[in-house]
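Each remark here refers to the structure printed beneath this line.
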Amino acid sequence: MKPDEVTRIRRATEPPWDEVREQRVLARVTSQRERGALRPGRSTPRRAAVMGLALATLLVAVVMFVRRPAGRVEANGPPDASAVANVHRLTLHDGSEAILLQDADIAVEEQTSSRVRLIQQSGAVRYEVKPEPSRAFSVRAGSAIVHVRGTIFTVRLLADNLEVSVERGRVEVEEGGRTLDLIAGESLRIPTEHARLLPSNAAPGSDANLDAMPTAPPAASAPASRTADVAAGAPKRDDDTPAALLRAADRAREDNRHADAATALETLVRRHPRDGSVPGALFTLGRVETARGRHASAAHAFERCAATAPNGPLADDATSGAALAWASAGRTETARIAAGAYLERWPNGIHAAQMRALRDR
Amino acid sequence: MSANPQTPLALAVPDDATLVAQAVAGNERAFTLLYRRHARYVAGVVYRLLGSDADLDDVMQETFCDAAAALGSLREPSRPRPWLARIAVHRVYARLARRRRSRWLLGATTVLAPKVSDPAERERVVALYEILERLAPKVRTPWVLHVIGGESLPDVAAVCEVSLATVKRRVAEAEQAVQRGLDET
């Protein structure tokens, strides 16, 4: 081959390798090495005993978390058999609690180890949700669905509007095909005169206004399939595998289709919450959201990454990424706190100098 | 007397031999730095040999897990790059063999070629990878590493674990096949 042709082909075959992909593969390497480190030295009888114990635990878990029938708890009514409750407090199997305030009426639609779905029919309920990344927790109230990781928030479903207020952590409110992130101190009010008390299997209304106060920009391009994503028993397709979704995200990133990349990554996290690729996907999502100029969403993604794998190889990068994203979003105080948290954990970390500058700004 | 501005930099960036020694001693940060320093290079080797990024993450993961497990046996800690490439090539061979088997079993005819945005360039690259696909991995690999990857022949010999003479012969054999194939297109 002629030298100039070799040069052209060499340039054309540069690997699609960037910092995000580098981080993601590193996370996989670290994860596999950690798993591998547990293997040597285990004798066969010991392995058999461990497997037996694991099987027994699994059986107990299956028995405990087998799908419960739907039940209802009212503020002044009797507790339901599917949950341990007193008159004003509903305790769920994962330890989360719903505190029934004024005129509250809620029902447990689904309660398994991987998913908790509640329906709030009326009144005000304060939810204290235990952090558990592998469990999807959602509350449907009127035409909106509140998706939760671990947080404390209150939902007030009144005659003419729905109000969601977050005390701690973060929630994602989905309404009419759009989503909005709320963090501690933020609240959202949605008019609900047209969509009150939707049955659980009905499609949410599409014309309500998201009249939000938070600085986080609304995810106007949120996928229409999001509701379907959380529906139980959605068919699994080949292109829904974590690897396929990551590839789709990578292709989209290469083509600067950031919204598509974000959608693929969010789908991966939602559909495969226990997969080992989730921390990497969340980290990538943080970078994608940064590229889109959605700094608050980027910060959320980085925080979720760090929370999902607090001892993973991406934890320090994600924590510093969150601090920087908060700063870019204009949330100076939150950024300062995040930088301080980073320095507390990694005083000599590779981002320490940058975090120190951010904290002391 | 002013301080030498190079000194802090030299101290701040440990060389490969130091990182290898620290990583062997269990220092995770050292292993991470080694990974970050060489991952792009190894990814280039893997990508050019495979011709697609479908398996790139998997092969990279396998390569660096193998490397982590065998780091203590590295003979030249100051030169981990050819050693990493050698591990990667072994992993790529396994993938290519699997790809050949599935093509034989399923009769698939798809040729995987790197994604190129320029249509004219893409045609040429696809043609090249169609030719490479017909070559045995042991012939294809030295040519890709030397001609496309720009590696020296002694380095290619070390990566492929064959003699310099064998590498020269295989590169020449592949070059003939590539040139003939490209002339026909």
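Computed values, structure above
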read-out: Paramagnetic reach from B:L164 (point 7 Å along Cα→Cβ, amide N under 19 Å) across segment B:125-148; value: B:142-143, B:145-147
read-out: Other protein chain Cβ atoms within 10 Å, averaged over every residue that makes up B:146-152; value: 2
read-out: If the convex hull is drawn through the Cα atoms of segment A:238-359, its volume per residue in Å³; value: 89 Å³
read-out: Whole-Hz ³J(HN,Hα) from phi, Karplus 6.51 cos²θ - 1.76 cosθ + 1.60, for segment A:313-320, glycine and proline x; value: x, 8, 4, 5, 5, 5, 5, 5
read-out: Shielding by partners - mean other protein chain Cβ count within 10 Å, residues of B:57-64; value: 6
read-out: Principal semi-axes in Å for segment B:119-178 [√(5λ), Cα gyration tensor, largest first]; value: 22, 12, 8
read-out: Net charge of Cβ neighbours under 14 Å - reference B:P14; Lys, Arg +1; Asp, Glu -1; value: +1
read-out: Amide H within-cut-off set for A:A141, under 5 Å, with H built and near neighbours excluded; value: A:Q120, A:V146
read-out: Per-residue mean of C-beta atoms belonging to partner chains within 10 Å, peptide A:17-30; value: 6
read-out: For segment A:321-361 and segment B:25-95, distance of Cα centres in Å; value: 32 Å
read-out: 3J(HN,Hα) from dihedral phi, segment A:161-167, Karplus parametrisation 6.51/-1.76/1.60, rounded to Hz, x for glycine, proline; value: 7, 10, 10, 10, 10, 9, 8
read-out: Environment charge of A:L245, counting only residues whose C-beta is closer than 9 Å and scoring Lys/Arg +1, Asp/Glu -1; value: 0
read-out: B:R37/B:A70 FRET efficiency (R0 30 Å; Cβ-Cβ; nearest 0.05); value: 0.95
read-out: Long-range HN-HN contacts of A:A104 with modeled amide H, under 5 Å; value: A:A75, A:A124
read-out: Ranked packing of A:255-267, B:68-80, most packed first, by mean Cβ within 10 Å; value: A:255-267, B:68-80
read-out: Dipole of segment A:238-359 [Lys/Arg +1, Asp/Glu -1 at C-beta], most positive-end residue of A:A248, A:F302, A:L265; value: A:F302
read-out: Estimated FRET transfer efficiency when R0 is 51 angstrom, pair A:Q32-A:N161 (beta carbons, to 0.05); value: 0.55
read-out: Rg to Rh, two decimals, where segment B:13-110 supplies the alpha carbon set and Rh follows Kirkwood; value: 1.07
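Read-outs throughout are calculated quantities, based only on the coordinates presented, and are distinct from any laboratory measurement. Everything numeric in this text was worked out from a predicted model, so none of it was measured. Every residue, glycine as well, gets a Cβ built from its backbone with ideal geometry; the counts of neighbours run over all protein chains shown.
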